[in-house]
Amino acid sequence: MTLIDYGNGSPAIAGDAWTHVADGAVLPPDRPATISLERWKAGRDGLTGRNLPLGIRLESHERIEEILPDLPRFALIALDFPNLNDGRHFTTARLLRERYGFRGQLRATGQVLRDQIDLMKRCGFDAFELPAGKDAASAIAAFGEISVAYQPAADAHPTAAQLRHRQPVQAMAS
Amino acid sequence: MYAYDGLDETLVRERATQFRGQVARRISGELSEDDFKPLRLRNGLYLQLHAYMLRVAIPYGVLGSDQLRALARIARRYDRGYGHFTTRQNIQFNWIRLADTPDILDELAAAEMHAIQTSGNCIRNTTTDQFAGVAADEIEDPRPWAEIIRQWSTLHPEFSFLPRKFKIAISGSPSDRTAIAVHDIGLSMLHGPGGETGFKVWVGGGLGRTPMLAEALRDFLPGADLLSYLEAILRVFNIEGRRDNLYKSRIKILVSTLGIDRFRDLVEAEWAQIRDSALRLDEAEVSRIRARFSPPAYEATAESGQFAGRRLEDAAFARWSAANLFPHKQPGYAAVTVSLKPVGGIPGDMAADQMDALAGLADEYSHGEIRVTHRQNLILAHVRQDSLYDLWRALDSLGLATPNLMRVTDIIACPGLDFCGLATARSIPVAQRLSERLAEIDERHDLGELTINISGCINSCAHHHVGHIGILGLEKAGAESYQVTLGGSSAEDASLGKIIGRGFGADEIVTAIETIIVTWLELRQDGERFLDSLRRIGPAPFREALYGRE
Amino acid sequence: MAHLVITGNRLRDGAVVWRGAAGDWSRDIADASIHATEGQLAASLDTARLEEASGRIIGVYEVEVETRDHGVVPARLRERVRADGPTVSVV
Ligand code: SF4
């Protein structure tokens, strides 16, 4: 797995400070960790004392709406894409950014294809776990392949309509 | 018609470049077929029985003459000199090589065209009335709204991997020529309480294995809210739609499972959150797009006496005029249907030479604009009545003047087993034999409006459920078997045809349809339409004629 | 067991091809190698699938054929159309 970080607005291969912890396994004492939604719902009491950043993983059928009040507890949310036909988390990502105000890392996991990254980015993802064997340089080149956006989304990209009708900015006297 | 600005052009060029990279990665082996297939499918490239097929988008069916010439060039250079117009107002090329597709997309981009989202589980080409801007009963020209939807839906980041494909139709007239009732979303324009224009919104129609007519979702949606409302519907579908079963993944299944009221509650709740967002349409942008569709410069001509005279003199011209002309809101003009259904021909096919010639005729007679209809014919929308005779002669010499719009030989047929990898039976040869057999009966008895639709499998690309007579080709015990439905309609009186009985073999189907028509002629009253007779008398006489008193 | 041949489409142009005895792929079904036993077929299919993975051929599968006077003919209409081209002449 290679992690591509887009957190500061330009994509780069990054080391991963996080550990995805399987259900039932012990959380590392010294590293930020993610747990499944199920584990969070079942045993959050045991987790509350921890002083390290916590992340949560959602499978494609799971809904973030189940735990909205808990969102401030998470520094990272990982949304899984099991295959190319399951696009539910494109919606989840937008809602997290645009409606629920999530500011932490939003990470795409699973079958993250190079050719979906531009779309994921527009939906608010800022980290991408490339499956093993996929060319990271090629994935980085995929950012910004399409520079025109026709519709508003979670990123700050101005839409075509906004660009067309933008009032000319008055030059400031210096 | 709409002309690209720099942004539209950049997007289409970047998309072509992106696809070039995807093809290169496939050919080099970096991408496996499993990884590549969904990518090519999002760009209209299918593998059919004999070659790749490329489906090129013709947004809401409107083409400029230079675009038609570009299609002719592509047909000659990269295909076998012809193209096939589809019921989604697009064109397909049947003999494409994978390695050529990047060059084809570049040529398309140069002509302001593309293949974006002509397949795959995304929002497809929005279709509209082929007489948009022409029909006298029109509330407003729907094309600017279709273009607004085109832009919003193009490479939509959230809705590019939906549970299933998604089709939207929009009609500007009370008489529906867009088959709103069989679309995932249907929009019909109307005036709101304050006189402003907006839409009645329908949802959940569709054909295929489980045909359903759409239900009314909202009685009035203000125009400015169009995109936020569509986004709300698509968002509910993306989250709630089924992904576990291909045959249950269309929105019609979601709507019927939840019930329209529950579905409406979900949509309205979502809409309330996004209605006042950047999705609200900016009047400046709507005006910009509307201006692109302003009517051409009509000349003030009185209704032409010459036109009436020619019809008296020339019976063939009179017949064509009666069948293929549509009244134009501009006095002295007519909209002409160019039939791609010559008797015995392949429905919707057009040779490159015919495309070039028609582009020339469009320049000469119809302000350089051509439209594609969902009946697989073409339209020249703005022809002066005093030019009709000359135009007709020119079309006739090209084999494009069959006088049969909405008649029994104007058959809608999908490519079927001669080309399509999903087919269970052939459709083209059935269409050819039927039109040959029925042309003569029509000539003798004037059958009036009678539509026949033939699909080569349950995917129903030829919309057989809404043909007055529908034919579905299946495979039974290794042989082709054709199931007949009667009583479908896609007009404002939409209905789904009902299966008449057991299917017919390839050598029986033409005779069976003839039997239905001959039976009807004996029961027909005062020149009524087949559909109206059927609605009056029911299917029993036809069943008896086909199967005897079983 | 029915007689079987192996087919696929060429990656570059999508053309229908049939697998010959020497592992070559031919446009003509007459060149196809005919398998009369499960064992033979399984071995050929395995190698054909490897070639598929290497990317030159896509969608490899087996097709039932009958041997008639004028040569090998697929049992199903779909495969006859693939072997002979469309049954209608185009414009
Ligand atoms: S109806 Fe079936 S056979 Fe016809 S084009 Fe559609 S998928 Fe192919």
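The table for this structure:
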| item | result |
| --- | --- |
| Residue that is farthest from B:Gly487 (Cα to Cα), among those in segment B:433-450 that are open to solvent by less than 30 Å² (accessible area, probe 1.4 Å) and touching a helix residue (DSSP H, G or I) at 6+ places or on another chain (Cβ under 8 Å) | B:Ile441 |
| Flag for B:Asp526 being open to solvent by 20 Å² or more (accessible area, probe 1.4 Å) and among the charged types (D, E, K, R) | yes |
| Tally of residues being more than 14 Å from the chain's Cα centre (by Cα) and under 14 Å from B:Ser490 (Cα atoms) across segment B:163-183 | 2 |
| Enumeration of residues in segment B:498-550 that are among the aromatic types (Phe, Trp, Tyr) and part of a strand (DSSP E or B) | B:Phe504 |
| Selection status of B:Ala110, at pLDDT 95 or above, more than 14 Å from chain C (Cβ to nearest Cβ) and open to solvent by 10 Å² or more (accessible area, probe 1.4 Å) | yes |
| Residue list for segment B:465-478, filter: surrounded by fewer than 24 Cβ atoms within 10 Å (Cβ to Cβ), within 11 Å of another protein chain (Cβ to nearest Cβ) and modelled with pLDDT of 95 or more | B:Glu475 |
| Members of segment B:123-165 found to be touching a Leu at 6+ places or on another chain (Cβ under 9 Å) and more than 25 Å from B:Thr197 (Cα to Cα), listed by number | B:Leu155, B:His156, B:Pro157, B:Glu158, B:Phe159, B:Ser160, B:Phe161, B:Leu162, B:Pro163, B:Arg164 |
| Residue pairs meeting the criteria (Cβ under 6 Å; at least 6 apart or on separate chains; first buried (at least 19 other Cβ atoms within 10 Å of the Cβ), in segment C:62-86; second among the basic types (Lys, Arg)) | C:Pro74/C:Arg80 |
| Qualifying residue in segment B:189-198 (condition: surrounded by fewer than 24 Cβ atoms within 10 Å (Cβ to Cβ) and free of Cβ contacts under 8 Å to residues at least 24 places away in the same chain) | yes |
| Residue match in segment C:45-58 (condition: outside any loop (DSSP other than H, G, I, E, B), open to solvent by less than 60 Å² (accessible area, probe 1.4 Å) and closer than 15 Å to C:Pro74 by Cβ) | no |
| Residues (open to solvent by less than 50 Å² (accessible area, probe 1.4 Å) and either touching a residue at least 60 places away in the same chain (Cβ under 8 Å) or farther than 30 Å from B:Gly194 by Cα (or both)) located in segment B:246-261 | B:Ser249, B:Arg250, B:Ile251, B:Lys252, B:Ile253, B:Leu254, B:Val255, B:Gly259 |
| Count of residues meeting criterion [without any contact (Cβ under 8 Å) to a residue 24 or more places away in the chain, within 16 Å of the ligand (Cβ to nearest atom) and either among the aliphatic types (A, V, I, L, M) or more than 12 Å from B:Pro211 (Cβ to Cβ) (or both)] in segment B:473-491 | 1 |
| Only one of B:Asp129, B:Asp137 that is in contact (Cβ under 8 Å) with a residue 24 or more places away in the chain and open to solvent by 10 Å² or more (accessible area, probe 1.4 Å) | B:Asp137 |
| Index of the failed condition, B:Leu155 passing every other in (1) in a helix (DSSP H, G or I); (2) open to solvent by 10 Å² or more (accessible area, probe 1.4 Å) | (1) |
| Hey, C:Leu11 touching a strand residue (DSSP E or B) at 6+ places or on another chain (Cβ under 9 Å), within 14 Å of chain B (Cβ to nearest Cβ), modelled with pLDDT of 90 or more and under 30 Å from B:Pro342 (Cβ atoms) or not | no |
| Members of segment B:381-432 found to be surrounded by fewer than 20 Cβ atoms within 10 Å (Cβ to Cβ) and within 16 Å of the ligand (Cβ to nearest atom), listed by number | B:Gly421, B:Leu422 |
| Residue within segment B:445-465 that is hydrophobic (A, V, I, L, M, F, W, C), more than 16 Å from the ligand (Cβ to nearest atom), out of contact with any Ser or Thr (no Cβ under 8 Å at 6 or more places or on another chain) and touching a residue at least 24 places away in the same chain (Cβ under 8 Å) present | yes |
| Residue list for segment C:1-36, restricted to those being under 11 Å from C:Val63 (Cα atoms) and touching a Leu at 6+ places or on another chain (Cβ under 7 Å) | C:Leu4, C:Ile6, C:His35 |
| Number of the condition not met by C:Glu38 [criteria: (1) touching a residue at least 40 places away in the same chain (Cβ under 8 Å); (2) surrounded by fewer than 13 Cβ atoms within 10 Å (Cβ to Cβ)] | (1) |
| Residue check, B:Gly360 more than 16 Å from the ligand (Cβ to nearest atom), more than 14 Å from chain C (Cβ to nearest Cβ) and open to solvent by 10 Å² or more (accessible area, probe 1.4 Å) | yes |
| A:Ala93 vs. criteria hydrophobic (A, V, I, L, M, F, W, C), in contact (Cβ under 8 Å) with a residue 60 or more places away in the chain and open to solvent by less than 30 Å² (accessible area, probe 1.4 Å) | yes |
| Extreme residue, farthest from the other protein chains (Cβ to nearest Cβ), among residues of segment A:109-153 that are in a loop (DSSP other than H, G, I, E, B), closer than 16 Å to B:Asp35 by Cβ and open to solvent by 30 Å² or more (accessible area, probe 1.4 Å) | A:Ala132 |
| Test: residue in segment A:99-108 that is assigned to a helix (DSSP H, G or I) and out of contact with any Leu (no Cβ under 9 Å at 6 or more places or on another chain) | yes |
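The rows are residues; the columns are (1) modelled with pLDDT under 95; (2) surrounded by 13 or more Cβ atoms within 10 Å (Cβ to Cβ); (3) part of a helix (DSSP H, G or I).
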| position | (1), (2), (3) |
| --- | --- |
| B:Leu227 | no, yes, yes |
| B:Val236 | no, yes, yes |
| B:Glu268 | no, yes, yes |
| B:Ile289 | no, yes, yes |
| B:Tyr298 | yes, yes, no |
| B:Phe307 | yes, yes, yes |
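Yes/no matrix, rows are residues, columns are (1) touching a residue at least 60 places away in the same chain (Cβ under 8 Å); (2) part of a loop (DSSP other than H, G, I, E, B); (3) touching a strand residue (DSSP E or B) at 6+ places or on another chain (Cβ under 8 Å); (4) of a type in the set (Phe, Trp, Tyr):
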site	(1), (2), (3), (4)
B:Asp219	no, no, yes, no
B:Leu230	yes, no, yes, no
B:Ile233	no, no, yes, no
B:Phe263	yes, no, yes, yes
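The values are calculated or read from the model by the stated rules, or taken from the named source; none is laboratory data. In this text, all values refer to a predicted model and were calculated from it rather than measured experimentally. Every residue, glycine as well, gets a Cβ built from its backbone with ideal geometry; the counts of neighbours run over all protein chains shown. These accessible areas exclude ligands, DNA and RNA; they are computed on the full protein's heavy atoms, side chains included. Shrake-Rupley method; radii C 1.70, N 1.55, O 1.52, S 1.80 Å.
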